[in-house]
Structure formats: structure tokens, C-alpha cells
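The values are calculated or read from the model by the stated rules, or taken from the named source; none is laboratory data. The model shown is predicted, which means the values in this text are computed figures rather than measured ones. Ideal geometry is used to build each Cβ from the backbone, glycine not excepted, and the neighbour counts take in all protein chains shown. Ligands, DNA and RNA are stripped out before the accessible areas are found, and what is left, the full protein with its side chains, is counted by its heavy atoms. Shrake-Rupley method; radii C 1.70, N 1.55, O 1.52, S 1.80 Å.
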Amino acid sequence: MTNTNGTAPLGLLTGKVVFITGAGRGIGAAAARLFAAEGAAVVLAARGADALDRVVAGIRADGGVADAVTLDLADPATVRAAVDHVGELHGRLDGAFNNGAAIQRPGPLDTTSDEDVDEQFAVNFRAHWTAMTAEAALMRRGGGGAIVNTSSIGSRRANPALPAYGAMKRALNSLTETAAVSWAGDRIRVNGITAGGTATRMIDTWEAASPGTVERLTAHIPLGRMAEPREIAEAAAWLLSDRASYVTGALLPVDGGAGA
Ligand SMILES: NC(=O)c1ccc[n+]([C@@H]2O[C@H](COP(=O)([O-])OP(=O)(O)OC[C@H]3O[C@@H](n4cnc5c(N)ncnc54)[C@H](OP(=O)(O)O)[C@@H]3O)[C@@H](O)[C@H]2O)c1
């Protein structure tokens with residue numbers, strides 16, 4: 001299968017089954033394409049079936065192995081059912097990229113609504129907890145695996161613009177480290193990526209609500225530009241691969257230097 005991103009595939013994920021949430025667009029869709037090009041059989045998840053089907057069709061057209069399953073990260077039963085579906089399709093799970101998330105209506109803290117806090121908790125935090133426990137159970141059947149969670153540079157310090165989002169991503173960092181320690185004996189590695197500003201619909205939504213956001217964020221990025229979704233996916237591919245065999249409990253900044 002050819003990698004259409006300009007870099008030659010290395011077979012980094014050859015023979016692995018990888019589950020990806022938030023795979024209908026943005027970072028998750030780029031990850032699905034990249035992981036498939038690197039040899040994985042991928043299972044893509046999000047709410048929107050049409051978007052998932054388009055990404056799946058593109059991967060299959062390039063010779064890759066891909067399937068889709070819908071889930072709502074706000075609903076734990078659908079999250080468990082999606083992971084079960086991976087087991088039915090492939091009988092095992094080697095990698096999981098827990099990447100799907102929602103942005104909140106921008107702050108300030110004082111006016112962030114209870115509804116936004118509840119959604120951020122359910123979609124950006126609890127869903128990952130639920131997914132990780134289901135994924136770990138399936139991975140143990142195959143003797144281990146690797147999990148990568150998409151966190152954010154917005155988790156690292158105060159986040160006045162996105163206070164509930166930042167808090168839930170910080171909680172996800174804690175969960176990532178705890179899972180890494182808890183499951184090391186099961187040969188399951190767990191890492192997070194603290195992504196910086198990346199050109200996706202999430203940023204478009206933030207820019208629409210708070211004009212000037214992209215310019216403000218970019219001004220603080222030493223590399224002078226936002227990430228392309230594939231650049232976040234590249235780090236996830238490595239963390240999911242056996243080439244990262246001694247990396248667990250890490251929160252890897254992929255942010256163009258913005259957090260330095
Ligand atoms: N873009 C950035 O600058 C940036 C920076 C740091 C971290 N991140 C993180 O990167 C990850 C990917 O974000 P992105 O920028 O690629 O955003 P995006 O383009 O908005 O994509 C989000 C994905 O998540 C899915 N999703 C959203 N809510 C969902 C729900 N309730 N249930 C199931 N799926 C849901 C969406 O599909 P449906 O709507 O069809 O469900 C979509 O596939 C997120 O964890 C985000 O917090 C992004």
C-alpha cells in the first residue's frame with residue numbers, strides 16, 4: 001500500500017490491529033490512513049457513519065484493511081460495544097488510539113455552563129476510561145498491546161480560554177500515567193500525546209467562536225505554524241509500534257515547540 005503523505009512507509013505497524021476513535025476527520029482520520037499505510041488493520045470509530053465510510057473507502061482503495069463502527073463517546077455502552085466489535089472482527093487488539101473529543105464553548109471559567117462541564121467530562125474523560133478498560137481486556141487476550149491517548153498542550157498549564165477542556169485533558173494525563181503503571185505487568189504500554197494547535201475542524205470551531213484564535217496560537221509556536229493532522233498521527237504511530245517498546249507513562253509534546 002502506498003503512503004500518500006510523501007514519506008515512505010516503514011511497516012511500523014505491520015500485522016497489528018488498531019482501534020481509533022475520532023477517526024472520521026482531523027487527527028483521527030489522518031491516523032487511520034497512516035496506520036493502515038504502516039501495515040495495520042484499522043477499525044475507525046466516531047458518531048458520523050458517512051465520514052467514517054469515506055475514510056474507510058479511501059484506505060481500502062489504497063489496498064489497506066479498514067472497518068468502521070459508530071459510537072457516541074458520551075455513552076459508555078456504545079464505547080464498550082465498539083471495542084467488542086473489534087474483537088468480533090479480528091479476535092484481538094494490539095493498539096488503540098483514543099483520540100476522539102469535543103471542544104467546549106470557549107470560557108471564561110465563570111460562564112462555562114454545567115452542560116459544557118458535563119459534556120467535557122463524559123466525552124473527553126470518562127469515554128477514555130471506559131475505552132481503555134475495554135481495550136486492555138481485549139489486549140490481555142493477545143498477550144499485550146499499546147494505547148495512546150490524545151491530550152493537549154491545553155492540559156499543561158492554566159487554560160482560561162477552555163477551562164473545562166483543559167481540566168479534563170489534565171485528568172486524562174493522570175489516567176494515562178495510572179494505566180501505564182497499572183498495566184505494565186500485562187505488557188500493555190500506555191502513553192499520551194499533548195498535541196499543540198493542529199489544523200482541523202476543532203480549531204475552525206474555536207476560531208469561529210473566538211476570532212483571532214489561530215493568529216494568537218500561531219504567534220506562540222516556535223515552528224511558526226499549526227501542525228498538520230498527520231504530524232500528530234506520526235507520533236502516535238511510533239508510540240503504538242514495537243519501536244517504542246520501552247516507552248510507557250509518557251506524555252509526549254507534539255506542539256512545534258509551543259510548550260517549551
Ligand atoms: N486541533 C487541535 O488544535 C488540537 C490540539 C490539541 C489536542 N487536540 C485533540 O486532538 C483530538 C482530535 O481532534 P481534532 O482536532 O482532530 O478534532 P476534529 O476534527 O473535530 O475531530 C474530532 C473527531 O472526534 C469525533 N467525536 C467528537 N465527539 C464525539 C462523540 N461524542 N462520540 C464519538 N466521536 C466523537 C468526531 O466525529 P463525529 O462528530 O462524527 O462523532 C471526529 O471524528 C482530540 O482529542 C482533541 O482534543 C486537538
Ratio of Rg to Rh over the range 40-194 (Cα coordinates, Kirkwood Rh, two decimals)
0.99
Name the most mobile residue of GLY64, GLY107, GLY145, meaning the one with the largest mean-square fluctuation, in a Gaussian network model of the chain with Cα contacts below 10 Å.
GLY107
Suppose the Debye formula is applied to equal point scatterers at every Cα of the chain; what is log10 I(q)/I(0) at q = 0.07, 0.11 Å⁻¹?
-0.21, -0.54
Mean Cα-pair separation over length for the chain, i.e. relative contact order, pairs under 8 Å, 6 or more apart, %:
19 percent
Viscosity 1.306 mPa s, temperature 10 °C: give me the Stokes-Einstein translational D for the range 1-115 in µm²/s, with Rh taken as the Kirkwood radius over C-alpha pairs.
108 µm²/s
Taking only protein heavy atoms into account and a 1.4 Å probe, give the accessible area per residue of the chain in Å².
45 Å²
Whole-number D in µm² s⁻¹ for the range 124-260, Kirkwood Cα-pair radius fed into Stokes-Einstein, 4 °C, 1.567 mPa s
83 µm²/s
Place +1 on the Cβ of every Lys and Arg and -1 on the Cβ of every Asp and Glu in the range 105-251, take the dipole about the Cα centre, and give the residue among ILE147, THR194, VAL181 whose Cα lies farthest towards its positive end.
VAL181
Quick check: the distance between the Cα centres of the range 1-63 and the range 82-115, to the nearest angstrom?
17 Å
Compute the Rg/Rh shape ratio of the range 158-208: radius of gyration over Kirkwood radius, all on alpha-carbon atoms.
1.12
Could you state how much accessible area PHE125 has, in square angstrom rounded to the nearest 10, with a 1.4 Å probe and all protein chains kept in place?
30 Å²
The range 181-260-the range 118-166 distance, computed between alpha-carbon centres (Å)
13 Å
How large is the charge dipole for the range 95-205, taken about the Cα centre, if only the Cβ atoms of Lys, Arg (+1) and Asp, Glu (-1) carry charge, to the nearest 20 debye?
540 debye
Could you work out the helix-only [θ] at 222 nm for the chain, with each DSSP H run of four or more residues adding -39,500 (n - 2.57) and the total divided by the number of residues, to the nearest 500 deg cm²/dmol?
-13500 deg cm²/dmol
Highest GNM mean-square fluctuation, the chain, Cα pairs closer than 10 Å: which of GLU231, GLU88, GLU119?
GLU88
So the carbon and sulfur contribution to the accessible area of the range 80-192, 1.4 Å probe, in percent, is 53 percent
Provide TYR165, TYR246 ordered by accessible surface of protein heavy atoms (probe 1.4 Å), highest first.
TYR246, TYR165
Counting Lys +1, Arg +1, Asp -1, Glu -1, what net charge surrounds ALA30 among other residues with beta carbon under 10 Å of its beta carbon?
0
Of the DSSP H helices in the chain, the ones reaching 24 Å or more along their long axis in Cα terms and averaging at least -1.0 in Kyte-Doolittle hydropathy are 163-183
Within the set VAL190, VAL214, VAL86, GNM on the chain using Cα springs under 10 Å gives the largest fluctuation to VAL214
What dipole magnitude, in Debye to the nearest 20, does the chain give about its Cα centre under +1 on Lys/Arg Cβ and -1 on Asp/Glu Cβ?
600 debye
